[in-house]
Amino acid sequence: MNMKEKTEQSLTDLLKTGDEADRCYAARTLGTLGSRSAVEALIKQLTDEDIDACVDAAEALGRIGDTHAVPALIKSLENEESGEVCTAVTIALGQLGTDDAIPILKKVAVDRPERIEWEDDWDRWWDIQLAAVEALGKFGVEDATSTLLQIMEDEISQDIDPEIFAALANIKVSGITALLDLLENGSIMQRRRAARALGHSGNPEVTKPLGQALRDESPEVRAAVATALADIDAHRYLPALLLLLRDPEDDVRSASIEACNRLTESSSADNDIIAEITPLLSDPSSLVRAIVATTLSSLIPPRSLDEESLAAVADSLTDKTYDTAASACDLLGVNGDPASLDVLIATVRNKGLYGMVRRQATLAIGRIGILNADTIDLLKEAIADREQPVRLAALDALTALDAIPATGEETAESLQRPLDIVLAAIAGELELSSQETPQKISQAVEFDPTPIKEQQRKAEDTTTETPEAQGSELAEGESLVLPETPGRVVEPGEVNAAISTLDAIALDNAEIAFGVHEALPEPEAEVETEQEIEDFLEVVEENKRVGERMTRGRRKISIEDDVRRLGVRVLIGNTDDASVEGLIQALNADDGVLRYEAALAIAETARLHPGLRSLMNAFGSLTTQLGLGDEDQRVACARALGLLHNKAAMLPLLDILNDPQTTLRTETISALVELSINGDDPDIAGHMVIKPVSPKTILRKLSSALEDGEFNVRMAAAKGIVQLLNLEGLGESKTEIVEQLIDTGFLGAGAQARNIGKLLRSIDIQGSAERLLSQLDTVDSSAERRFVIEMLEELFISSNDRSQQAA
């Protein structure tokens, strides 16, 4: 008997000897592991006195898939009074899929058993009926079609028509025939649902009837049919869908465009669809124009739009619907025609437009890639814009233009280098002049390690609420309308700081906990208190400290300071010496937030470009700030030092491994593991390592961290240990590590038991299982046995079992 079989046997025994919680946990794991040896014991548990144990047994039998359980499940469905148990049994029968189960499934789908009790205002039979309908569809039972249609026609039955249509689509003959009849003769809703169901059927024989339904009198049905034809890859109906682009209804044209776009993704008909949809750039519907612009952006080659099309796109730049105007900007950028620069520049300068539209126009200018005095002047002006998204886009566009040679009459010598403008902004040396008073804006741009150049436009990112949007939410399908006039203009300096990710996470909790604008009373010194009061006061002090830090992060800042911080972000991933030197200068700036942004930027650049030697010039400052910086700064420095791969950082990192700050301990562990595994050879890299630190020393330190009071630290240590054990010479520690990891799985109310089980699987399955099985017999409570069971499950679960469990 192998170790998995021993585990299954122990869990099967627990079904007989354990309490109700044990029986539930054991049944679930036996089902997940597909234990056929446990089928008989699980069948007996179908009549358990505890309802939850019955439900878990039924679900386990369905997962295991042994058809010997079908008679017992049918008997349970015929006699059980609990609707919850009957629902689980019905689902299990649907998973097992035998002919013997079909009659009872058809029966419970139509007839409500009198023994099933209501639960408050909910009839449990509705759950049973739905499970039976889905099971009959899954089986593809031909003679179940009439049953399904009967349910759909029953006026007093629950509304599960979408599920019934889906079930009919799986019944290859009678079900498809019924759907085709509904497509032709049903109500508008039935025709629409039939079209969608036929699209999901995967049956090529439904293509022709769907194509004929493109002429349906209802716009809803025509739109659904267009989507259905795309669902079944009906490429031969692409010409018909292109004709549908002239439909008088907006929704139909939109659905047709999307269907055409999907069909052309797997064919060579791009030129056809481009030719057909380009005239729709001047469509009267804003929604259609937005979809056309988005579709063309993914299809057209550079500079392929003619003058008439460019004029139509330019007209959409001032559309009152944000998506349409922003999509038009994107399309002009993708097209890349220099003739579009003037209209894009005018869009950026039009302060009455929505800020995110002007942002997309700015990015489009950078994408077109024309470097001349006009673009340089515009982008320098946009750096001082009142809207932060525009400022960020201007900096990003400047970095994109840096590699572009000058055009026109200008020469490279006569124009200021774009990167120099960004570096001057970071250094605070750029004179930023705005013709209007800055408006108070929401500084919502968080640090994202993905280089800004690679980020896609996100409408919700760094937005400033318009008066129309404040205090309300858009209904589904409703477009966001641009404001007629700009928002109010307020006093200079009313700009919130671009706060860090760590600040943003903790801010709401800190404000709610004690009110960041109110001073908290200091606890009286040298007062003898009970331990509980002392613990409470420690929490108060911690909250006060965090709140003060959050408040500092939200202080009003000038646009100049904000630009410095944004400039650091756009340099992420740049490898030229000037950019790296700019980051290092920012790392040593007086502004604490700027230093933090610079440390994060250096860390991410090091991750993207391992071995970039110029980054090593930041090592000294990072090491100093690791010991002397504020909490966030030390975390960022620890991350950067790990990614620089200079093993000289190991000693200062070890010095802070027991720091009171949880996040810093967690980040330090990750940095030490990174250096141990991927750190550069000091002799080859020329790094001055005074006292080498062996991986065995790091392993010992991380083993101690497994007992840390914070689960994030424990899990970071556990994951790091697993990585270190793959290094040569550390495998001998596996037995001791396994015991430590298992003990860690019990900490924090077992919240990380499954994650610990996954880690144990990568170290030693056999040894871990032996240790866990011994604990299964010795732990005192069902809660602790649950942790053992979860770790055992993760040891033996296969990837297929895991996917079935998720489903």
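The values are calculated or read from the model by the stated rules, or taken from the named source; none is laboratory data. As the structure is a prediction and not an experimental result, all values here were calculated from the model. Note: ideal-geometry Cβ built from the backbone for every residue, glycine included; neighbour counts use all protein chains shown. Surface accessibility is based on the protein's heavy atoms, side chains included, excluding ligands, DNA and RNA. Shrake-Rupley method; radii C 1.70, N 1.55, O 1.52, S 1.80 Å.
The table for this structure:
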read-out: Residue satisfying condition, being assigned to a helix (DSSP H, G or I) and either within 23 Å of Gly757 (Cβ to Cβ) or at pLDDT 95 or above (or both), within set Lys44, Lys16; value: Lys44
read-out: Residue, nearest to Ala403 (Cα to Cα), within the stretch 341-384, restricted to residues that are in contact (Cβ under 8 Å) with a residue 60 or more places away in the chain and outside any helix (DSSP H, G or I); value: Ala384
read-out: In the stretch 777-797, the residues that are touching a residue at least 60 places away in the same chain (Cβ under 8 Å) and open to solvent by less than 10 Å² (accessible area, probe 1.4 Å); value: Ile789, Leu792, Glu793, Leu795, Ile797
read-out: Single condition Ile277 does not satisfy, out of (1) touching a Ser or Thr at 6+ places or on another chain (Cβ under 7 Å); (2) modelled with pLDDT of 90 or more; (3) part of a helix (DSSP H, G or I); value: (2)
read-out: Any pair with Cβ under 7 angstrom, 6 or more apart, that starts in the stretch 8-23 at a residue that is under 13 Å from Ala57 (Cβ atoms) and ends at one that is hydroxyl-bearing (Ser, Thr, Tyr) and open to solvent by 40 Å² or more (accessible area, probe 1.4 Å); value: Thr12/Ser37
read-out: Residue tally, condition out of contact with any Leu (no Cβ under 7 Å at 6 or more places or on another chain) and either farther than 20 Å from Gln723 by Cβ or part of a loop (DSSP other than H, G, I, E, B) (or both), over the stretch 754-788; value: 18
read-out: Residues of the stretch 562-620 satisfying the condition of being surrounded by 22 or more Cβ atoms within 10 Å (Cβ to Cβ), out of contact with any Gly (no Cβ under 9 Å at 6 or more places or on another chain) and part of a loop (DSSP other than H, G, I, E, B); value: Ile572
read-out: Flag for Gly175 being open to solvent by less than 30 Å² (accessible area, probe 1.4 Å), within 39 Å of the chain's Cα centre (by Cα) and more than 16 Å from Ile74 (Cα to Cα); value: yes
read-out: Residue within the stretch 157-171 that is more than 20 Å from Val141 (Cα to Cα), open to solvent by 10 Å² or more (accessible area, probe 1.4 Å) and not hydroxyl-bearing (Ser, Thr, Tyr) present; value: yes
read-out: Filter result for Val390 (surrounded by 18 or more Cβ atoms within 10 Å (Cβ to Cβ), farther than 27 Å from Asn574 by Cβ and in contact with a helix residue (DSSP H, G or I) (Cβ under 8 Å, 6 or more places away or on another chain)); value: no
read-out: Subset of the stretch 131-151 [crowded, with 19+ Cβ neighbours inside 10 Å, hydrophobic (A, V, I, L, M, F, W, C) and assigned to a helix (DSSP H, G or I)]; value: Ala131, Ala132, Val133, Ala135, Leu136, Phe139, Ala144, Leu148, Ile151
read-out: Residue, surrounded by the most Cβ atoms within 10 Å (Cβ to Cβ), within the stretch 220-268, restricted to residues that are of a type in the set (Lys, Arg) and touching a residue at least 24 places away in the same chain (Cβ under 8 Å); value: Arg253
read-out: Pairs with Cβ under 7 Å, 6+ apart, first in the stretch 149-178 and touching a residue at least 24 places away in the same chain (Cβ under 8 Å), second part of a loop (DSSP other than H, G, I, E, B) and of a type in the set (Ser, Thr, Tyr); value: Ile151/Ser157; Ala169/Ser201; Ile176/Ser201
read-out: Qualifying residue in the stretch 187-199 (condition: closer than 30 Å to Trp122 by Cα, open to solvent by less than 10 Å² (accessible area, probe 1.4 Å) and outside any helix (DSSP H, G or I)); value: no
read-out: Qualifying helices (runs of 4 or more DSSP H) (wholly inside the stretch 651-738; at least 1 residues being in contact (Cβ under 8 Å) with a residue 12 or more places away in the chain and open to solvent by 80 Å² or more (accessible area, probe 1.4 Å)); value: 695-705, 711-724
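Here is a yes/no grid of residues against (1) free of Cβ contacts under 8 Å to residues at least 24 places away in the same chain; (2) at positive phi; (3) buried (at least 21 other Cβ atoms within 10 Å of the Cβ):
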| residue | (1), (2), (3) |
| --- | --- |
| Gln45 | no, no, yes |
| Asp50 | no, no, no |
| Thr67 | no, no, no |
| Lys75 | yes, no, no |
| Thr98 | no, no, no |
| Ile102 | no, no, no |
| Ala109 | no, no, yes |
